[in-house]
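Let me begin by presenting the structure, written as structure tokens, before commenting on it.
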Amino acid sequence: MAKYDKYICTQLFKREMLPGPTPQQRDQLGAEGLRISMEHVLWIDDDIIPGSYYGESTWIWPRSYPNQIPPEELAKRFANARPMFPHAHDFPELLSWWGTDPDHPEDTTTMGMLIGDEEIPLERSWVAYIPAGMPHMPIKVPGGRVTARPVCHWTSGPGSYTREKEPSDGDTEQKKEPTVTTVRKAGVMKNSEYIILGNKPGVKRPS
């Protein structure tokens, strides 16, 4: 073993933390030769390498990708034990989403980003800064553009990821996740300042 191997993560840890099917259900699908549309590749945080930032890397496959189980069939087969919902972290987080065509990284599926009480539309590659304590969640946008290429998703922050707040000393129950009761989808979006969009269509990468 080299001196600094301990600082490199090459495995997918904490599968039980992922949204959607459980690790056992994912293994069952794999045994059938099936895969889901959002496939985690790596996970790192302070529990995996002491002192590390939290980070996840993920593939999002287009529906044309071979052997992919459609979300509708997945929902019929398995109850989602860990659905995604607006959540917040005790640390600031970077979220990024980009296409895999080197000359057209803007080629992604239309999405939205819920930050606070605002749903911000995202038409191309993006990176978002989420302040500590800010409720947020990437969301699907019905009727938007759908890319035929895979998309990469990477998120990182200086802490250990928890989907629920850990109970403080003396608490008998975990603190509940933040909820967003009213979402604005139009008008001036003050939280859009936290998002940087990628290359404009037609802009070529330098040779």
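Nothing in this text is a laboratory measurement; each read-out follows from the coordinates by a stated rule. None of the values given here were measured: they were computed from a predicted structure. Reconstructed Cβ throughout: ideal geometry from the backbone, glycine too, with neighbour counts over all protein chains shown.
Overview of values
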{"quantity": "Backbone HN-Hα couplings from phi across the range 24-40 [Karplus 6.51/-1.76/1.60, Hz, Gly and Pro as x]", "calculated": "5, 5, 5, 5, 4, 4, x, 5, 8, x, 10, 9, 8, 6, 10, 10, 6"}
{"quantity": "Amide H contacts of R184 (H built 1.01 Å from N, under 5 Å, at least 5 apart or other chain)", "calculated": "E118, E119"}
{"quantity": "The range 128-137 - phi-based ³J(HN,Hα) in whole Hz, Karplus 6.51/-1.76/1.60, Gly and Pro as x", "calculated": "10, 9, 10, x, 4, x, 8, x, 7, 5"}
{"quantity": "Per-residue HN-Hα couplings for the range 139-150 [Karplus 6.51, -1.76, 1.60; θ = phi - 60°; Hz; x = Gly/Pro]", "calculated": "9, 7, 10, x, x, x, 5, 10, 6, 9, 10, x"}
{"quantity": "Sparse-neighbourhood loop sites, trypsin sites (Lys or Arg not before Pro) in the range 43-83 - DSSP loop, at most 15 other Cβ within 10 angstrom", "calculated": "R63"}
{"quantity": "Projected-area average for the range 1-109 over all orientations - Cα convex hull basis, square nanometres", "calculated": "9.8"}
{"quantity": "The range 62-149 - Rg over Rh from alpha carbon coordinates, Kirkwood radius", "calculated": "1.00"}
{"quantity": "The range 84-136 - percent relative contact order, Cα under 8 Å, separation 6 or more", "calculated": "47"}
